[in-house]
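A.B. asks: Shown below is the structure under consideration.
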Amino acid sequence: MKKIFGISLFVLVIAAVLFPTFYSSNSDSSSSSTSTREITPVYDYVLDVGTYTSLDWDWALSNGEKLLNKMSCHCSAAATQTDDGVTLVGRNFDFYINHNPLYIFRTAVDDCYETIGISNALNDAPEYSDTIKNGLSKEMENVIPFIAVDSLNEKGLYIETNMRLGEWNEDESIKFSSSGTLNTETKPMSLQYLTLYLTQNCANVKQAIELVNQTNIYLPDSIDEINICFLMADALGNYGVLEIADNEVYWLDKQPVQTNFYINKTCYEKSDYKAGLGRYSLLMEQVENVETFEEMFTLMDCVKYSTINDPENALFDVRSEYVGIYENWTDEYVLNEANKDEVLSLIKSDGEAFYSMTREELRDCGEFWESTMTSVVNCNEKSIFIRFFEDDSLTLKLDFEQ
């Protein structure tokens, strides 16, 4: 039987406002280099940083250029509504195995919905042991909620993020740059803030899309490596994928899966980078059969990043993770067989190294990707269940109950 450890959140009675001004809720900007926020170790490399009752949006909107530089992740996600009417979302967080912590936080800000958030995609963050020893820096305290990779609110709206790789045109301009989705003078909001912003201010997917279309969203020009796209789901059974590129908003309603390539036709045809096609195809084929959160965990296990290092046992062609080996993509991906031996040799070499190391050796190495966190969200129960790559017999439960 799985052991479940609960982390409960204190519920505040909050009157939610559908379309607030997002500059209005600010915290005092401290000049101190060290935060006084209490941090609590929850599990190996997992830190609970408590509840934010105010957020410094002015600081965040002035630092959007550098904050996105901290983020990089692959990931897979799949959503479904069961026969019982329950919305489930499975999510693998694919990231380098290293000594950086995963941060769990909550927000309980006046005139906003309460949220549970997870942040982890921090390339240059202090390591876990340093954070335990020295505490959070003031900058890290400010950063954590704004670059949430997952967020669930008290109404059951859940949003998770997956990476798309930025690409270059022949004239060295960025293919998928966005200066602002609205042709207005409104101060633009950096793309990575949407996870927090939408779950604080929207009760469901419909409201979230309405707010996206009223918000001037941009991708910082200094970013040439990644873009971020979103799978959203709610307790009403709504779900889909949001992609923003070239100042356009693409909402793919009832799209149940995303990995690491653009799904909308316009961006797909423009993009040269299409990773995760095998993971995508397997999830698309199987997600509609999921009826329980354990079945969703089992499905997400099939597309964990470590499966790429074990091609003989993987349920999809692991070569689909590599760039430049596709002949075409229609309803199914077709691989270029000319590259087969070269790619499989590379995968075999990586796999032998991966499986020869202990978990701590993998963290010390810092060069291998893995699904460091796998979660299943029950939007109706407003709960997140998380398992970690070191020991998937342990399940961390996050919810809004006291």
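The values are calculated or read from the model by the stated rules, or taken from the named source; none is laboratory data. Here the structure is a predicted model, which is why all the values come from computation and not from measurement. Don't worry about glycine lacking a Cβ; one is built from the backbone with ideal geometry, like all the others, and counts go over all protein chains shown.
A.B. asks: Taking the range 42-57 as the region of interest, how many residues are at positive phi and either crowded, with 20+ Cβ neighbours inside 10 Å or outside any strand (DSSP E or B) (or both)?
C.D. replies: As a first pass, look at the range 42-57 and keep what is at positive phi: 45, 50.
So of that shortlist, the ones also either crowded, with 20+ Cβ neighbours inside 10 Å or outside any strand (DSSP E or B) (or both) come out as 45.
Qualifying residue count for the region: 1.
A.B. asks: Only one of these is within 30 Å of Asp317 (Cβ to Cβ) and either modelled with pLDDT of 85 or more or not acidic (Asp, Glu) (or both): Glu248, Glu285, Glu225. Name it. Show your work before the answer.
C.D. replies: Working: Glu248 fails: within 30 Å of Asp317 (Cβ to Cβ); Glu225 fails: either modelled with pLDDT of 85 or more or not acidic (Asp, Glu) (or both).
Just one listed residue meets the conditions, Glu285.
A.B. asks: Got at least one residue in the range 372-384 being of a type in the set (Ser, Thr, Tyr) and touching a Leu at 6+ places or on another chain (Cβ under 8 Å)? Full working, then the answer.
C.D. replies: Here is the first cut: in the range 372-384, the residues of a type in the set (Ser, Thr, Tyr) are 372, 374-375, 383.
With touching a Leu at 6+ places or on another chain (Cβ under 8 Å) added as a condition, the list becomes 372, 383.
Yes, some residue in the range 372-384 is of a type in the set (Ser, Thr, Tyr) and touching a Leu at 6+ places or on another chain (Cβ under 8 Å).
A.B. asks: Still on this structure, please answer the following. Which one is modelled with the lowest pLDDT, of the residues in the range 58-71 that are of a type in the set (Gly, Ala, Ser) and surrounded by 16 or more Cβ atoms within 10 Å (Cβ to Cβ)? First the steps, then the outcome.
C.D. replies: As a first pass, look at the range 58-71 and keep what is of a type in the set (Gly, Ala, Ser): 60, 62, 64.
When the remaining residues are screened for being surrounded by 16 or more Cβ atoms within 10 Å (Cβ to Cβ), the result is 60, 64.
Numbers: Ala60: 82, Gly64: 65.
Only one residue fits best here, namely Gly64.
A.B. asks: Related question: With within 19 Å of the chain's Cα centre (by Cα) and within 21 Å of Leu55 (Cα to Cα) as the only criterion, which of Tyr193, Tyr239, Tyr250 stands out? It would help to see each step written out before you state the result.
C.D. replies: Details: Tyr239 fails: within 21 Å of Leu55 (Cα to Cα); Tyr250 fails: within 21 Å of Leu55 (Cα to Cα).
Result of the check over Tyr193, Tyr239, Tyr250: Tyr193.
A.B. asks: How about the range 371-394: which of its residues are modelled with pLDDT of 90 or more and charged (D, E, K, R)?
C.D. replies: Residues satisfying the conditions are Glu381, Lys382, Arg387.
A.B. asks: Do you know which residues across the range 164-194 are at pLDDT 90 or above and not hydroxyl-bearing (Ser, Thr, Tyr)?
C.D. replies: Leu182, Leu194 - these are the residues of the range 164-194 that are at pLDDT 90 or above and not hydroxyl-bearing (Ser, Thr, Tyr).
Residue-wise test of (1) acidic (Asp, Glu); (2) surrounded by fewer than 20 Cβ atoms within 10 Å (Cβ to Cβ); (3) in contact (Cβ under 8 Å) with a residue 24 or more places away in the chain.
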| residue | (1), (2), (3) |
| --- | --- |
| Gln214 | no, yes, yes |
| Thr259 | no, no, yes |
| Tyr262 | no, no, yes |
| Thr266 | no, yes, no |
| Ala275 | no, yes, yes |
| Leu283 | no, no, yes |
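A.B. asks: Does Leu282 fit the bill of being in a helix (DSSP H, G or I), within 18 Å of Leu231 (Cβ to Cβ) and either under 20 Å from the mean Cα position of the chain (by Cα) or of a type in the set (Phe, Trp, Tyr) (or both)? Give the steps one after another, and end with the answer.
C.D. replies: Working: in a helix (DSSP H, G or I): yes; within 18 Å of Leu231 (Cβ to Cβ): yes; either under 20 Å from the mean Cα position of the chain (by Cα) or of a type in the set (Phe, Trp, Tyr) (or both): yes.
Spelling it out, Leu282 is indeed in a helix (DSSP H, G or I), within 18 Å of Leu231 (Cβ to Cβ) and either under 20 Å from the mean Cα position of the chain (by Cα) or of a type in the set (Phe, Trp, Tyr) (or both).
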